[in-house]
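Novice: This is the structure I want to talk about, given as structure tokens.
The values are calculated or read from the model by the stated rules, or taken from the named source; none is laboratory data. Small disclaimer: the values here were computed from a predicted structure and weren't measured. Please note: Cβ atoms are built from the backbone with ideal geometry, for glycine as well, and neighbour counts cover all protein chains shown. Ligands, DNA and RNA are stripped out before the accessible areas are found, and what is left, the full protein with its side chains, is counted by its heavy atoms. Shrake-Rupley method; radii C 1.70, N 1.55, O 1.52, S 1.80 Å.
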Amino acid sequence: MGSCSVSVIVSVVGMPLPPLLVLYGSQTGTAQDSAQRIARQAHRRHLHVRVLPLDDYDVANLITETLVVFVCSTTGQGDPPDNMKNFWRFLFKKSLPVGSLSLLDFAVLGLGDSSYPKFNFVAKKLHKRLLQLGANILLPVGLADDQHDLGLPPTFTFHFLYGDEVEVKTEERRLHPVEPSVPFPARMLFNRRVTEKSHFQDVRLFEFDIAQSNIALLNKNLLLSVPARLPQPCTVRHLVETYLDISAVPRRSFFELLSTVATNELEREKLLEFSSAAGQDELHSYCNRPRRTALEVLADFPHTTAELKMDYLLDLFPEIQPRSFSIASSLQAHPRRLQILVAVVKYKTKMFKPRRGLCSSWLASMDPEQGDVFVPLWVKKGSLRFPTEKETPVVMVGPGTGVAPFRSAIQERIAQGKMANVLFFGCRSESKDFYFRSEWEELKTAGLLRLFTAFSRDQEEKSYVQHRVRDNAELLWDLITHKNACFYIAGNAKQMPSSVCDALREVFQQQGRLSAEQAEQMLVTMERTGRLQNETWS
């Protein structure tokens, strides 16, 4: 039936179907997964398909392309992912002729989260720019939202070699790392727990030696790396231990691929349901809510798992993605050293085994006192920008581990003679998880820092950083309106950032006697001019 349909199309159009190019910009692997899923579906429809990260594609060739699907996520404050930044810079050159992409038919799929202020900003801007350059839209821009309820043949061929261990090499295409930088193997100097032992959460301060790395730290984030490509050949053990994220919660495409190889009727029926749009509520209950891992899913579908060929491994399991952490130190305070503050992820669901964070648990298990430990890492530019003028005050709201980038900034600013520093810090208990307490108190005593704290569980009525913002309305109004202060928020993206912004609106209304609309406009203006910035994570 499929080949007959294609024959009809070819005879009506009078020419073969055009090749499809799928280009993606991905930070955490979601856009890459979606791009590969689109390619598999196109391949089943007899299209010739190529899939590439945007920065691995020679953008000068775009002028001759006829059919391209762009899949891209948005990072930080509306920034493109790391593996499309070169493409982004080229595409927005003012020298590009207006009609240069007139041969191109295109579609853009954006992957975003509507809880962030710059929802799918990159996809929207890309779509607009392609139109400016004369390209033709196939479909309206697709804006996928992570907040929404709904959220082939193998790409690689395995060749087994004889020897003591089963080994494997891959063909057909290179595995693309998310970040093109070459990691530096930094020696871990210490791994120190900074929460009280009885506290429910294990938070660690790590320090690394970066003396030979040429890494500059100001306004940077650290990324912990995975191998950029697989050794050729390599063992299956190496593949699953160091490259494939077998403990990740599988995406919808995982079930879609399993359904294509399943022959057991009951299992295939269930896999098809989980792959369908109508089955996403049930998939969420089965997989996402309990944080069920890919290995646990395979155990639930034993007949299908038994039928899986080794060649599908690299399609089924995603690559382990680099993990990003805000740097919590300044080279001025810690020469040739780099520190990060990491909450070790561990929580319970209805699954028997507790869920654990892959990277944080791995880091926490390292003991540099038992021998040298080296961690592959590099840095990338952070999203927060601080004022260069010495007199400009900086107000920072960083509860929990959100305080990490502000510790780095405060150390740097004090070394530069910038004394107007205000920090709002919140945690559960003053005695259990008050990170860097002695440092803050020393700076406060020296007149280098104004510190406001909120300990949510130390009294009957819960107190959070947004309450302390409201309590200091007069000070904040003076700093923002009379001293041109910049305001920063860092931490968990769930409720805190919006709650702090709500408190700031109330400050504007109360102290400035502004209407709700005027207060909102003032907030928008601050954000547009860089005087209000966020660095949040989920």
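Novice: Of the residues that sit in the range 18-49 and are within 21 Å of the chain's Cα centre (by Cα) and part of a loop (DSSP other than H, G, I, E, B), which one is surrounded by the fewest Cβ atoms within 10 Å (Cβ to Cβ)?
Specialist: Thr28
Novice: Determine, yes or no, whether Pro322 is closer than 17 Å to Val379 by Cα and under 18 Å from the mean Cα position of the chain (by Cα).
Specialist: On the way: closer than 17 Å to Val379 by Cα: yes; under 18 Å from the mean Cα position of the chain (by Cα): yes.
So Pro322 fits the description; yes.
Novice: While we're here: Criterion first (farther than 23 Å from Val524 by Cβ, open to solvent by 50 Å² or more (accessible area, probe 1.4 Å), in contact with a Pro (Cβ under 9 Å, 6 or more places away or on another chain) and among the acidic types (Asp, Glu)) does Asp82 satisfy it? Working first, answer last.
Specialist: Working: farther than 23 Å from Val524 by Cβ: yes; open to solvent by 50 Å² or more (accessible area, probe 1.4 Å): no; in contact with a Pro (Cβ under 9 Å, 6 or more places away or on another chain): yes; among the acidic types (Asp, Glu): yes.
Considered against the rule, which asks whether it is farther than 23 Å from Val524 by Cβ, open to solvent by 50 Å² or more (accessible area, probe 1.4 Å), in contact with a Pro (Cβ under 9 Å, 6 or more places away or on another chain) and among the acidic types (Asp, Glu), Asp82 comes out as no.
Novice: Go through the residues of the range 340-354 one by one and say whether even a single one is out of contact with any helix residue (DSSP H, G or I) (no Cβ under 6 Å at 6 or more places or on another chain), open to solvent by 20 Å² or more (accessible area, probe 1.4 Å), at pLDDT 95 or above and of a type outside the set (A, V, I, L, M, F, W, C).
Specialist: Keep residues of the range 340-354 that are out of contact with any helix residue (DSSP H, G or I) (no Cβ under 6 Å at 6 or more places or on another chain), which gives 340, 346-354.
Right, trim to open to solvent by 20 Å² or more (accessible area, probe 1.4 Å) and you get 346-354.
So of that shortlist, the ones also at pLDDT 95 or above come out as none.
Within the range 340-354, none of the residues are out of contact with any helix residue (DSSP H, G or I) (no Cβ under 6 Å at 6 or more places or on another chain), open to solvent by 20 Å² or more (accessible area, probe 1.4 Å), at pLDDT 95 or above and of a type outside the set (A, V, I, L, M, F, W, C).
Novice: Condition (residue is under 23 Å from Arg356 (Cβ atoms), part of a loop (DSSP other than H, G, I, E, B) and either of a type outside the set (Gly, Ala, Ser) or open to solvent by less than 30 Å² (accessible area, probe 1.4 Å) (or both)) applied to the range 226-242: is it met by at least one residue?
Specialist: yes
Residue-wise test of (1) out of contact with any Phe, Trp or Tyr (no Cβ under 7 Å at 6 or more places or on another chain); (2) hydroxyl-bearing (Ser, Thr, Tyr).
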| residue | (1), (2) |
| --- | --- |
| Lys390 | yes, no |
| Ser408 | yes, yes |
| Glu412 | yes, no |
| Lys418 | yes, no |
| Cys427 | no, no |
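Novice: Looking at Glu474, Glu461, which is the one that is at pLDDT below 95 and surrounded by fewer than 21 Cβ atoms within 10 Å (Cβ to Cβ)?
Specialist: None of the other options fit; the residue is Glu461.
Novice: Right, something else. Return the only residue of Leu331, Leu313 being part of a helix (DSSP H, G or I), at pLDDT below 95, surrounded by 19 or more Cβ atoms within 10 Å (Cβ to Cβ) and not hydroxyl-bearing (Ser, Thr, Tyr).
Specialist: Working: Leu331 fails: part of a helix (DSSP H, G or I).
Selected residue: Leu313, the only one of Leu331, Leu313 that is part of a helix (DSSP H, G or I), at pLDDT below 95, surrounded by 19 or more Cβ atoms within 10 Å (Cβ to Cβ) and not hydroxyl-bearing (Ser, Thr, Tyr).
Novice: Given the criteria in contact with a strand residue (DSSP E or B) (Cβ under 7 Å, 6 or more places away or on another chain), modelled with pLDDT of 95 or more and closer than 27 Å to Arg252 by Cα, does Val108 qualify? Outline the logic, then answer.
Specialist: Working: in contact with a strand residue (DSSP E or B) (Cβ under 7 Å, 6 or more places away or on another chain): yes; modelled with pLDDT of 95 or more: yes; closer than 27 Å to Arg252 by Cα: yes.
It is true that Val108 is in contact with a strand residue (DSSP E or B) (Cβ under 7 Å, 6 or more places away or on another chain), modelled with pLDDT of 95 or more and closer than 27 Å to Arg252 by Cα.
Novice: Same structure, new question: Given Lys118, Lys93, which one is assigned to a loop (DSSP other than H, G, I, E, B) and within 23 Å of Pro322 (Cβ to Cβ)? Break it down stepwise before answering.
Specialist: Working: Lys93 fails: within 23 Å of Pro322 (Cβ to Cβ).
Step by step, each of Lys118, Lys93 is checked, and only Lys118 is assigned to a loop (DSSP other than H, G, I, E, B) and within 23 Å of Pro322 (Cβ to Cβ).
Novice: Here's a follow-up. Hey, among Val59, Val98, which residue is of a type in the set (A, V, I, L, M), over 22 Å from Asp315 (Cα atoms), out of contact with any strand residue (DSSP E or B) (no Cβ under 8 Å at 6 or more places or on another chain) and open to solvent by 40 Å² or more (accessible area, probe 1.4 Å)?
Specialist: Numbers: Val59 fails: open to solvent by 40 Å² or more (accessible area, probe 1.4 Å).
Going through Val59, Val98 in turn, the sole match is Val98.
Novice: When the range 275-288 is examined, which residues are found to be surrounded by 13 or more Cβ atoms within 10 Å (Cβ to Cβ) and assigned to a helix (DSSP H, G or I)?
Specialist: Here is the first cut: in the range 275-288, the ones surrounded by 13 or more Cβ atoms within 10 Å (Cβ to Cβ) are 275-276, 279-280, 282-284, 286-288.
Result: Ser275, Gln280, Glu282, Leu283, His284, Tyr286, Cys287, Asn288.
Novice: So which of Pro153, Pro53, Pro117 ends up being surrounded by 18 or more Cβ atoms within 10 Å (Cβ to Cβ) and either modelled with pLDDT under 90 or within 30 Å of Gly530 (Cβ to Cβ) (or both)? First the steps, then the outcome.
Specialist: Details: Pro153 fails: surrounded by 18 or more Cβ atoms within 10 Å (Cβ to Cβ); Pro117 fails: surrounded by 18 or more Cβ atoms within 10 Å (Cβ to Cβ).
One residue alone meets the criteria, Pro53.
Novice: Looking at Arg268, Arg252, Arg291, can you tell me which residue is crowded, with 16+ Cβ neighbours inside 10 Å and over 21 Å from Asp315 (Cβ atoms)?
Specialist: Result: Arg291 is the single residue among Arg268, Arg252, Arg291 that is crowded, with 16+ Cβ neighbours inside 10 Å and over 21 Å from Asp315 (Cβ atoms).
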